[in-house]
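Please read the structure below before turning to the comments.
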Amino acid sequence: DAGVIQSPRHEVTEMGQEVTLRCKPISGHNSLFWYRQTMMRGLELLIYFNNNVPIDDSGMPEDRFSAKMPNASFSTLKIQPSEPRDSAVYFCASSVVFGQGRTEAFFGQGTRLTVV
Amino acid sequence: RKEVEQDPGPFNVPEGATVAFNCTYSNSASQSFFWYRQDCRKEPKLLMSVYSSGNEDGRFTAQLNRASQYISLLIRDSKLSDSATYLCVVNSNNAGNMLTFGGGTRLMVKP
């Protein structure tokens, strides 16, 4: 299995531009998570999906952020318009629950976003 | 109070030392617990899962104390390659399989 695949790996954009981050979860995993990591705040959960349905988006910073999961194999995180304070590493992770509530989550390599 | 709390460190230890990290969590309904390792500029990777009172894998031992709501990670015979950030993760299954991460504890193993 190729693991969780994120694209792009790096993104540099100007303030005000739209940014779209993409994620392909591991096949068969039914939960997908978007995290943001900064030195100041560590790993923050932005939103997570169960069976393509958003379950908790309370971590989404504001209306400029939106996430979709149109099918089990693809998700996007969009920032419009972007601001310098959005600069961070954005991780996508997927997981599956297997027997007796056990679960393991695997992360993609992340997208390093810089907004100038 | 944060849901999952860790001492950020850094813990500076010599090679061969034994080091332990603690993590406390606030949600008493949490079902499963994990330790992830994150190297600089890399993604977090699963180190150990903790479903019952504890788990051991080679030099690594994780223990869970539900009454006191903390998890620990013990690393014996530290290697230089153990230098990383260790993230405590809590899964509250009643919240729909949501993983909450602690801020991480940084470990630096010196020769």
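Pairs of alpha-carbon atoms within less than 8 angstrom and 6+ residues apart define the contacts here; what relative contact order does chain A have, in percent?
Across chain A, relative contact order equals 36 percent.
In summary, the aspartates and glutamates within cross-link reach of B:LYS2, defined as a Cα separation below 12 angstrom excluding same-chain residues under 8 places away, comprise A:GLU44.
Per residue of peptide B:65-71, the mean number of Cβ atoms on other chains within 10 Å of the residue Cβ is 0. Round to the nearest 0.05 the FRET efficiency obtained for B:TYR70 and A:THR38 when R0 = 30 Å and r is the Cβ-Cβ distance. The value I calculate is 0.70.
Other residues lying with their Cβ under 15 Å from the Cβ of B:ASP82 contribute a combined charge of +4, Lys and Arg counting +1, Asp and Glu -1. Solvent-accessible area of A:MET15, all protein chains in place: 120 Å² (probe radius 1.4 Å, heavy atoms, ligands and nucleic acids excluded).
Here the contact order of chain B, divided by its residue count and restricted to Cα pairs under 8 Å and six or more residues apart, works out to 38 percent. Rolling a 1.4 Å probe over the protein heavy atoms gives the protein assembly as shown an accessible area of 49 Å² per residue. Across the range A:5-20, the residues whose backbone nitrogen lies under 13 Å from the label position 7 Å along the beta-carbon direction of B:ARG41 are A:10.
Taken one residue at a time, the phi angles of the range B:34-49 give Karplus couplings (6.51, -1.76, 1.60, θ = phi - 60°) of 9, 10, 10, 10, 10, 8, 4, 6, 10, 7, x, 10, 5, 9, 8, 9 Hz. Gly and Pro are set to x. In square angstrom and rounded to 100, what buried accessible area do you get between chains A and B, total over both, with the probe at 1.4 Å? Rounded to the nearest hundred, the buried surface is 1700 Å². The apolar share of the surface of the range A:1-113, taken as the fraction of accessible area on carbon and sulfur atoms (1.4 Å probe, ligands and nucleic acids excluded), comes to 49 percent.
Neighbours of B:MET108 by Cβ distance under 13 Å: Lys/Arg scored +1, Asp/Glu scored -1, total 0.
May I ask for the net charge around A:ARG64, where only other residues with Cβ less than 10 Å from the Cβ of A:ARG64 are counted and Lys, Arg are +1 while Asp, Glu are -1?
-4
Only protein heavy atoms count here; under a 1.4 Å probe, B:LYS45 has an accessible surface of about 120 Å². Rounded to the nearest 5, the antiparallel percentage of DSSP beta bridges internal to chain A is 90%. Got a sec? Which residues in the range B:41-60 would a label at A:ARG9 touch, if it sits 7 Å along Cα→Cβ and we count backbone N under 14 Å? Under 14 Å, as judged by backbone N against the label point of A:ARG9, lie B:41-43 of the range B:41-60. By the rule of a C-alpha distance below 29 Å, with chain neighbours fewer than 8 residues away ignored, the lysines paired with A:LYS24 are A:LYS68, A:LYS78, B:LYS42, B:LYS45.
The values are calculated or read from the model by the stated rules, or taken from the named source; none is laboratory data. Just so you know, these numbers come straight off a predicted model, no measurement behind them. Note that each Cβ is placed from the backbone with ideal geometry, even for glycine, and that neighbours are counted across all protein chains shown. These area figures cover heavy atoms from the full protein model, side chains too; ligands, DNA and RNA do not enter into them. Shrake-Rupley method; radii C 1.70, N 1.55, O 1.52, S 1.80 Å.
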